[in-house]
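The values are calculated or read from the model by the stated rules, or taken from the named source; none is laboratory data. These numbers come from a predicted model, not from an experiment. No Cβ is skipped: glycine too gets one built from the backbone with ideal geometry, and neighbour counts run over all protein chains shown.
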Amino acid sequence: MMMLAAAAATKCPYCQTYHKVVSKMFGATEEELKELAVIVGLTSFWSNILHTQNYDYDTFAKEVQQISEYMKSK
């Protein structure tokens with residue numbers, strides 16, 4: 001399913017078809033495939049937002065680290 005996510009992000013119809021079939025062969029359900037589509041879409045969406053706003057990468061990296069430290073403490 002990781003390869004299917006990568007294929008969806010690159011919008012390659014050949015890779016998407018192949019990796020969807022392989023994911024199903026390894027037991028992926030329709031519900032899981034639908035969830036994967038939402039995750040790929042949200043990832044692309046937020047990436048576009050951050051790039052469009054030219055959000056400072058160093059600030060972003062620090063914020064992610066702060067979130068990680070907070071979550072580990074809970």
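Numbers for the structure displayed
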{"item": "Subset of region 47-74 (residues that are within 26 Å of Thr10 (Cβ to Cβ) and not hydrophobic (A, V, I, L, M, F, W, C))", "result": "Ser47, Asn48, His51, Thr52, Gln53, Asn54, Tyr55, Tyr57"}
{"item": "Hits in region 10-21 (condition: part of a helix (DSSP H, G or I) and loosely packed, with under 15 Cβ neighbours inside 10 Å)", "result": "Thr10, Pro13, Tyr14, Thr17, Tyr18, Val21"}
{"item": "Residue selected from region 22-74 under the condition over 21 Å from Ala7 (Cβ atoms) and part of a loop (DSSP other than H, G, I, E, B), by the criterion modelled with the lowest pLDDT", "result": "Lys74"}
{"item": "Any hit, region 26-33, residues being within 15 Å of the chain's Cα centre (by Cα) and at negative phi", "result": "yes"}
